[in-house]
Amino acid sequence: MAKPHLNIVFTGHVDHGKSTTVGRILYDTGNIPETEMKKIREEAKKLGKETFDLAFVMDRMKEERERGLTIDVAHRKFETPKYYFTIIDAPGHRDFVKNMITGASQADAAVLIVSAKEGIQPQTKEHAWLLKTLGVNQLIVGINKMDEVGWEQKKYEDMKKQVMDLLKPTGYKVDTIPFIPFASYPSSENISKKVSQHMTWYKGPTLLEAFDNLKAPEKPTTKPLRVPIQDVYSITGVGTVPVGRIETGVLKPNDKIIFMPSGAVGEVKSVEMHHEQLPQAEPGDNVGFNVRGVEKDQVKRGDVCGHANNPPTVAEEFVAQIIVLNHPTAITAGYTPVFHCHTAQVACTFVELMKKIDPATGAVKEEKPEFLKTGDAAVVKVKPT
């Protein structure tokens, strides 16, 4: 019996601390061969960045992605005794939020990383709201760099209280979230192995134990096939390879598929995840699939793939629940921002502001408001341009 599969996104912190933590997890769980690690250490040393060797585990993926050779797209797999995980990380990106939205829209759970030393950063708050808005309901908070604050329990408690205060308005149930103190470099305290003498005051799980306490999502396999396209490659000798995460339904070789809104129709030759051929892909799987009969320029990021006999519908307008995280001016009907939906980015006009709601409870605060401002949550009617 195959292990349940979960996608987990690492977010919250922009510096190398996050990538180092991911590298440490992969290394500690035996998912980076010693030969690969040796090569990475040599590269880091050449660049005079020895302390970044674990961060380079994920940053190497960026080069692979730019060359368009693999179908991994900043995803890396690892296993725990209970689950098969795909880690999603968007390291070192200028347009961090755009990548963060794509990553979070594919995730079943998130690890929000906060530094015990630097504290909460502006993006910590933004990422917490985005995670909740994008429907990531399972959260683990990692409090990193405990070694740099002398492993002090008081520092941990202060940080935990600050993050709890930050998360409460988003609607997360803070008393069910594990807050895990750890250090990822140079030692590896409380990530995959129990705390040594440094934090005897901490009685909770390690980071990896917390992963196994997550719940595997229900798989909507009986619904129609829907795959938002994240990227599309043209690989010599192979052909057109779109990449994306299966949201609903099942994708198999020989399936006849259609891409909307373009209407391009093709046939699936093979399906791959982490360089392994799959007999079928299910919801939650990040896959690349080779398509016969479709050219690379007929498919683009943001398109949605479905079976040809049940194509994805294309909406003239839709109703959305939004939260205004940060906006310099009041927002009224007629405003046209760019919407990020799964992997699509489309300019859309607010046709009508229907109602203002309480973000934590969903209760209606005001019908047909005149305008929205920073901090407001609302239901609006929207028309893609």
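The values are calculated or read from the model by the stated rules, or taken from the named source; none is laboratory data. Note that this is a predicted model, so its numbers are computed, not measured. Using ideal geometry, Cβ is built from the backbone for each residue, glycine included, and neighbour counts are taken over all protein chains shown. For accessibility, only protein heavy atoms count, side chains too; no ligands or nucleic acids. Shrake-Rupley method; radii C 1.70, N 1.55, O 1.52, S 1.80 Å.
Every residue, every condition in (1) β-branched (Val, Ile, Thr); (2) closer than 20 Å to Glu126 by Cβ; (3) over 27 Å from the mean Cα position of the chain (by Cα), yes or no:
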position: Ile323; (1), (2), (3): yes, yes, no
position: Asn326; (1), (2), (3): no, yes, no
position: Ala347; (1), (2), (3): no, no, no
position: Val351; (1), (2), (3): yes, no, yes
position: Met354; (1), (2), (3): no, no, yes
position: Glu366; (1), (2), (3): no, no, yes
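Looking at the range 264-286, which of the residues that are outside any strand (DSSP E or B) and in contact (Cβ under 8 Å) with a residue 40 or more places away in the chain is surrounded by the fewest Cβ atoms within 10 Å (Cβ to Cβ)?
Ranking the qualifying residues of the range 264-286, first place goes to His275.
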> Do any helices (runs of 4 or more DSSP H) lying entirely in the range 91-188 carry at least 2 residues that are charged (D, E, K, R) and at pLDDT below 90, and which ones are they?
Replying inline: 122-133
> Within the range 237-256, how many residues are out of contact with any Phe, Trp or Tyr (no Cβ under 7 Å at 6 or more places or on another chain), assigned to a strand (DSSP E or B) and closer than 20 Å to Pro217 by Cα?
Replying inline: 3
>> Thr206 - would you say it is farther than 24 Å from Phe10 by Cα and within 25 Å of the chain's Cα centre (by Cα)?
In response: no
> Within the range 196-231, how many residues are in contact (Cβ under 8 Å) with a residue 12 or more places away in the chain, within 30 Å of Lys154 (Cβ to Cβ) and either charged (D, E, K, R) or not in a helix (DSSP H, G or I) (or both)?
Replying inline: 8
>> So Ser234 passes all but one of these: (1) at pLDDT below 90; (2) not in a strand (DSSP E or B). Which condition number does it fail?
In response: (2)
> Out of the range 267-282, which residues are of a type outside the set (Lys, Arg) and over 17 Å from Pro228 (Cβ atoms)?
Replying inline: Glu267, Ser270, Glu272, His274, His275, Glu276, Gln277, Leu278, Pro279, Gln280
>> Can you tell me which residue is most open to solvent (accessible area, probe 1.4 Å) among those in the range 170-220 that are under 30 Å from Ala344 (Cβ atoms) and touching an Asp or Glu at 6+ places or on another chain (Cβ under 6 Å)?
In response: Lys219
> Tell me, which residue of the range 351-385 that is β-branched (Val, Ile, Thr) and part of a strand (DSSP E or B) is surrounded by the most Cβ atoms within 10 Å (Cβ to Cβ)?
Replying inline: Val380
> Tell me, which residue of the range 248-263 that is under 17 Å from Gly288 (Cα atoms) and of a type outside the set (Val, Ile, Thr) is surrounded by the fewest Cβ atoms within 10 Å (Cβ to Cβ)?
Replying inline: Asn254
> within 23 Å of Phe339 (Cα to Cα) and part of a strand (DSSP E or B), is that true of Phe259?
Replying inline: yes
> If you take just the helices (runs of 4 or more DSSP H) that sit entirely in the range 1-78, which of them hold at least 3 residues that are surrounded by fewer than 14 Cβ atoms within 10 Å (Cβ to Cβ) and at pLDDT 80 or above?
Replying inline: 34-46
